[in-house]
1. What are the pairs with Cβ atoms under 8 angstrom where one residue, in segment 21-42, is at pLDDT below 85 and loosely packed, with under 10 Cβ neighbours inside 10 Å and the other, located anywhere, is polar (S, T, N, Q) and in a helix (DSSP H, G or I)? Sequence gap at least six, or different chains.
2. Mind checking whether some residue in segment 3-17 is at pLDDT below 75, part of a loop (DSSP other than H, G, I, E, B), exposed (fewer than 10 other Cβ atoms within 10 Å of the Cβ) and aliphatic (A, V, I, L, M)?
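The values are calculated or read from the model by the stated rules, or taken from the named source; none is laboratory data. Since we're looking at a predicted model, the values are computed, not measured. All Cβ positions, even for glycine, are placed from backbone atoms using ideal geometry, and neighbour counts span all protein chains on display.
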Amino acid sequence: MQHFALRQGFAAQNEGFELFHRRAGWYQDKLALAERAKNKANIQSALRGNRPWQ
């Protein structure tokens, strides 16, 4: 019985771990999208002649 409870505990732990990593991955995707949008805006304004990074 103890062995079964141990297995259940590990399963729950792994599930939480996986959930956390999926959420972290979602956050990373959001950051990457924001970064890409910012770079795109910088490139477009540079093509128009403004240089926001200077």
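1. Once the first residue is at pLDDT below 85 and loosely packed, with under 10 Cβ neighbours inside 10 Å and sits in segment 21-42, no partner that is polar (S, T, N, Q) and in a helix (DSSP H, G or I) comes close enough.
2. No, there is no match, as no residue in segment 3-17 is at pLDDT below 75, part of a loop (DSSP other than H, G, I, E, B), exposed (fewer than 10 other Cβ atoms within 10 Å of the Cβ) and aliphatic (A, V, I, L, M).
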